[in-house]
Each structure stands twice: as structure tokens, then as C-alpha cells.
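Have a look at the structure below, then the notes.
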Amino acid sequence: MGCGSSAREATVPVHNNAKAEEKKVEEKKDEKTEVKKVEEKKVEEKKNEKPTDKPLEKCILIIGAPASGKGTQAEKIKEKYKFLYARIYL
């Protein structure tokens with residue numbers, strides 16, 4: 001009986017540890033899912049954000065000779081950094 005009871009005692013904690021490990025794995029999955037949801041929400045908000053929703057903080061003036069690519073570069077800057085774009089002809 002002594003051997004049987006000690007084997008049983010050894011089995012119970014191992015079983016409880018397995019359940020505890022499963023629970024930890026599930027909690028980590030839940031945390032990852034929650035983090036993913038928050039990140040997706042931030043991405044969606046950023047997609048819906050308009051350039052005018054932010055205060056104007058920077059102004060870039062592009063100066064150069066005629067036909068030197070100022071307009072092309074301005075368009076690229078506008079798209080990449082979500083700037084407002086104004087072309088002024090003098």
C-alpha cells in the first residue's frame with residue numbers, strides 16, 4: 001500500500017501541473033488575442049484618420065528650377081507622410 005499511495009500522490013501534482021500549464025497557455029493565447037485586437041483597432045483608426053485631424057506641425061517648402069521634379073517629390077512626401085499638399089504658382 002505504501003508504494004501505491006506514493007505513486008498516486010506523485011501523479012496528482014503532475015496532473016495539477018499539467019492543468020496549470022494548460023491554463024497558462026490559454027491565458028497567453030487570450031492575451032495575444034487581446035493585444036492583436038487592440039493593434040487592429042489602432043491600425044483601423046489610423047486608416048480612417050484624415051490629415052486635417054492632426055494639428056499642423058511641420059511645413060516643407062520645396063524650391064528648385066522649373067521642371068526639376070519639385071511636384072513629383074511633393075506628391076511622394078504627401079503620400080508617405082500624410083501631409084497636406086498645396087502648390088503655389090508665382
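The values are calculated or read from the model by the stated rules, or taken from the named source; none is laboratory data. Only a predicted model underlies this, so the values are computations on that prediction, with no experimental measurement involved. Because the Cβ atoms are built from the backbone with ideal geometry, glycine has one as well, and the counts that use them run over all protein chains shown.
See the values below:
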| quantity | calculated |
| --- | --- |
| Of residues in segment 66-86 being in a loop (DSSP other than H, G, I, E, B) and closer than 26 Å to Lys46 by Cβ, the one nearest to the chain's Cα centre (by Cα) | Lys82 |
| Unmet requirement for Lys58, which otherwise passes all of (1) at pLDDT 80 or above; (2) touching a helix residue (DSSP H, G or I) at 6+ places or on another chain (Cβ under 9 Å) | (1) |
| Residue identified as within 20 Å of the chain's Cα centre (by Cα) and at pLDDT below 80 among Glu49, Glu31 | Glu49 |
